[in-house]
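Student: This is the structure, below, for whatever I ask next.
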């Protein structure tokens, strides 16, 4: 494998890392820094191809962040009532 294959592998791994919570930050830093343009140049990508990849990354990051916000807001909506409220409910059920 030559330098071109290595650069392509780095780009592909960084795209895959967007779905990993542990590596997402590093991947975003790769695409927003100079590292992506260096690897893309070594891989022989022209500017329109680089823009396609960056738009894909932007889309994935936007969808992932939206999904994370949706999950967080859902977990906040379905929180269990406070212990005292649950206890009061059990007492009310026992009296009924």
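The values are calculated or read from the model by the stated rules, or taken from the named source; none is laboratory data. The shown structure was predicted, so the numbers you read here are calculated from the model rather than taken from an experiment. Neighbour counts run over all protein chains shown; Cβ positions are idealised from the backbone, glycine included.
Student: Can you find, within the stretch 30-46, the residue that is farthest from residue 4 (Cα to Cα) among those that are loosely packed, with under 12 Cβ neighbours inside 10 Å and at pLDDT 95 or above?
Tutor: Among those that are loosely packed, with under 12 Cβ neighbours inside 10 Å and at pLDDT 95 or above, it is 46.
Student: Among 61, 53, which is at pLDDT below 90 and surrounded by 15 or more Cβ atoms within 10 Å (Cβ to Cβ)?
Tutor: Going through 61, 53 in turn, just one is at pLDDT below 90 and surrounded by 15 or more Cβ atoms within 10 Å (Cβ to Cβ): 61.
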